[in-house]
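Working notes, beginning with the structure itself.
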Amino acid sequence: MPMRSSFRLVSPPHSSGSSDTSSSADSSENAKNMVEEVRSLAQCIDIFENGPRPLSESLALLNDEEVIMLAQCGKIAAYSLEKVLGMNELERAVRIRRALISRASSTQTLEASDIPLADYDYSKVLGACCENVVGYIPLPLGIAGPLYIDGTLYPIPMATAEGTLVASASRGCKALNAGGGVTTVLTQDGMTRGPAIDFPSIVDAASAKIWIDSPEGYSTLKKAFESTSRFAKLKSLKTAMAGRTLYVRFATSTGDAMGMNMISKGTEKALEVMQERYPGMVVLALSGNYCTDKKPAAINWIEGRGKSVVAEAVIPGHVVKSVLKTTVPALVNLNTKKNLVGSAMAGSIGGFNAHAANILTAIFLATGQDPAQNVESSMCMTLMEAVNDGEDLLMTVSMPCIEVGTVGGGTVLGPQKAVLEMLGIKGAHPTSPGHNAQTLARIIAAAVMAGELSLLGALAAGHLIRAHMQHNRAPQTVAAPVSEKISRSWCAEEGKKNKLLYLYNVTPVLTDV
């Protein structure tokens, strides 16, 4: 065997899928003081090109440093490490890519950084969620509530790094529960895709528009669209012309999936059928921004996208005073001047709320949704009025564009899947396609209401800045003391109804959030 040409302190090769665990502790300890030989580049290339096949077997003969050398000289592309190393070496692929990127960077800190790498199921990520993976980013996961939503008690999962957010939402849940919880209605369910299509003339574009709007055109496109999936059901088509360009907004129910891939596939098929009738048409883009995805748009606010949900609750006046530390008239006035008039003065589209995006995004991250879709999903109008002779508070939130799913995307990842399982809505509903995703949308709308109520209460009482200064800027997180009076009354009134309420009650009550 040829002489080895150099020596470096490296980690020995190992497989993330190895079954040899009996001496792993001893091996790990010995590796710290082990000087492993590193073959020359020429030797590594020889093994790479002439070693056993498949290629993964040759690379298994090389240690990490030797594979790194091959990648640095261009024999292996960093993005294809999972493919060449094999499905049993996914963690090794991530580790080697991390080293490559770190050593090529100006800071060279990534390789030994605090970004975690081990003990993660990268098979769920590969080809589905992320590329060029170098690790994963943990986020704190808090539980607000619980909150009664349509007669069922739900914990509210929130992944966030903003102090006071979970505690504030919990306070809102407490106030809403005191009035009997939240009632929600689903007014619409349809994901959209809006391609842009060019025609030779405005006459041709207008002819296509008229045909699509006709019963014949709609029926033809619907049949083609629905042939691509047993879950995709075309619900409506909306057309608009700009010169020779025709925009068609396909609105579709997509079962328990958020549905972008599903609806894109169906739209593509429908356009193929349409081109048989209009051979001169050119599809400029499958998405022509008439959808509209991940951008603020009035059409989403008016027409809806995804799940459209309206939530309602009545909060007794004495709860407004005891829990929120303010009054019904003060909340109604603040909501009108801030969320309605203030947003109108700013020319807001769908931004008639205090911080709907805060709650929605935290739940999105916890449940594996696409966080970029918080742009349109957070569109919300919060309304408040005094009822029962001005004694109590009637509150509603209207959210026409909650874009969520319990199948596909980030919902396949273990932690996110576990959160959905906790809520009882993991995966596809066995008998009613779409029910789980619709329930998630209802939970989000109700949780947004809790967040809105608590924040507006804090603003009306002047507590917001004090709470944030106390909890966001503190060098250490110190739990606020439990109010014995609140604790006893909460247990007496609510704790006996459900054990979960009692468990939640042992957490600190942040009276100044």
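Just subtract the alpha-carbon distance of Ser214 and Thr245 from 0.36 nm times their residue separation and send over the number in nm, one decimal.
Full extension of this stretch gives 9.3 nm more.
With point charges of +1 on the Cβ of Lys and Arg and -1 on the Cβ of Asp and Glu, referenced to the Cα centre of region 61-193, which listed residue (Thr107, Thr160, Ala78) lies farthest in the positive direction of the dipole?
In region 61-193, that residue is Thr160.
Excluding Ser102 itself, what net charge comes from residues whose Cβ is under 11 Å from its Cβ, given Lys and Arg +1 and Asp and Glu -1?
+3
Provide the gained length on full extension for the span Ser322 to Arg277, in nm with one decimal, where the gain is 0.36 nm per separating residue minus the Cα-Cα distance.
Residue separation times 0.36 nm, minus the Cα-Cα distance, leaves 9.5 nm.
Would you please put 223-234, 306-317, 354-365 in order of how densely packed they are, using the mean number of other Cβ atoms within 10 angstrom per residue and starting with the highest?
Taking the mean over residues of other Cβ atoms within 10 Å, the ranking is 354-365, 306-317, 223-234.
Would you mind classifying region 117-264 by shape? Square roots of the alpha carbon gyration tensor eigenvalues, ordered a ≥ b ≥ c; an a/c under 1.5 is rounded, otherwise it is prolate if a/b is larger than b/c and oblate if not.
Here region 117-264 falls in the prolate category.
Structure shown: which of Lys307/Lys337; Lys124/Lys417; Lys265/Lys426; Lys294/Lys426; Lys222/Lys269 lie over 19 Å apart, alpha-carbon to alpha-carbon?
Too far apart for the 19 Å limit: Lys307/Lys337; Lys265/Lys426; Lys294/Lys426.
Note down the nm distance, to one decimal, between modelled labels 7 Å out along Cα→Cβ at Thr109 and at Leu153.
4.6
Which value, in debye to the nearest 20, describes the size of the charge dipole of region 320-392 about its Cα centre when Lys and Arg Cβ atoms bear +1, Asp and Glu Cβ atoms bear -1, and nothing else is charged?
Using Cβ point charges on Lys, Arg, Asp and Glu, region 320-392 gives about 300 debye.
Extension gain Val185-Arg53, at 0.36 nm per residue separation less the Cα-Cα distance, in nm?
Length gained between Val185 and Arg53: 41.6 nm.
Compute the FRET efficiency between Ser40 and Glu268 as 1/(1 + (r/R0)^6), taking r as their Cβ-Cβ distance and R0 = 51 Å, and round to the nearest 0.05.
Taking R0 as 51 Å, the efficiency between Ser40 and Glu268 is 0.50.
Grab the beta carbon distance between Ser102 and Ala128, set R0 = 25 Å, and tell me the FRET efficiency rounded to 0.05.
Efficiency at R0 = 25 Å is approximately 0.50.
Using Cα-Cα distances under 8 Å and only pairs 6 or more residues apart, what relative contact order does region 26-166 have, in percent?
Across region 26-166, relative contact order equals 14 percent.
Place a +1 charge on the Cβ of each Lys and Arg in region 187-343 and a -1 charge on the Cβ of each Asp and Glu, then give the dipole magnitude about the Cα centre in debye, rounded to the nearest 20.
Using Cβ point charges on Lys, Arg, Asp and Glu, region 187-343 gives about 620 debye.
In what order, largest first, do Arg277, Arg171 sit by accessible area if the probe radius is 1.4 Å?
Correct descending sequence by accessible area is Arg277, Arg171.
For region 288-439, what is the charge dipole size about the Cα centre, in debye to the nearest 20, if Lys and Arg each add +1 at the Cβ and Asp and Glu each add -1 at the Cβ?
360
Tell me the accessible surface of Ser123 in square angstrom (1.4 angstrom probe, heavy atoms of protein chains only), to the nearest ten.
50
Within region 325-429, which GluC sites (Glu not before Pro) sit in a loop by DSSP and count at most 16 neighbouring Cβ atoms inside 10 Å?
Of the GluC sites (Glu not before Pro), the ones in loops of region 325-429 whose Cβ has at most 16 other Cβ atoms within 10 Å are Glu391.
For region 299-458, divide the Cα radius of gyration by the Kirkwood radius and give the resulting Rg/Rh value with two decimals.
1.01
Roughly what % of Cα-Cα distances in region 309-402 sit above 24 Å, to the whole percent?
So the portion of pairs separated by more than 24 Å is 28 percent.
The values are calculated or read from the model by the stated rules, or taken from the named source; none is laboratory data. Values in this document were obtained by computation on a predicted structure and should not be read as measured data. Neighbour counts are summed over all protein chains in view; Cβ atoms, including those assigned to glycine, are modelled from backbone coordinates with ideal geometry. Protein only, heavy atoms only, side chains kept; ligands, DNA and RNA dropped before computing areas. Shrake-Rupley method; radii C 1.70, N 1.55, O 1.52, S 1.80 Å.
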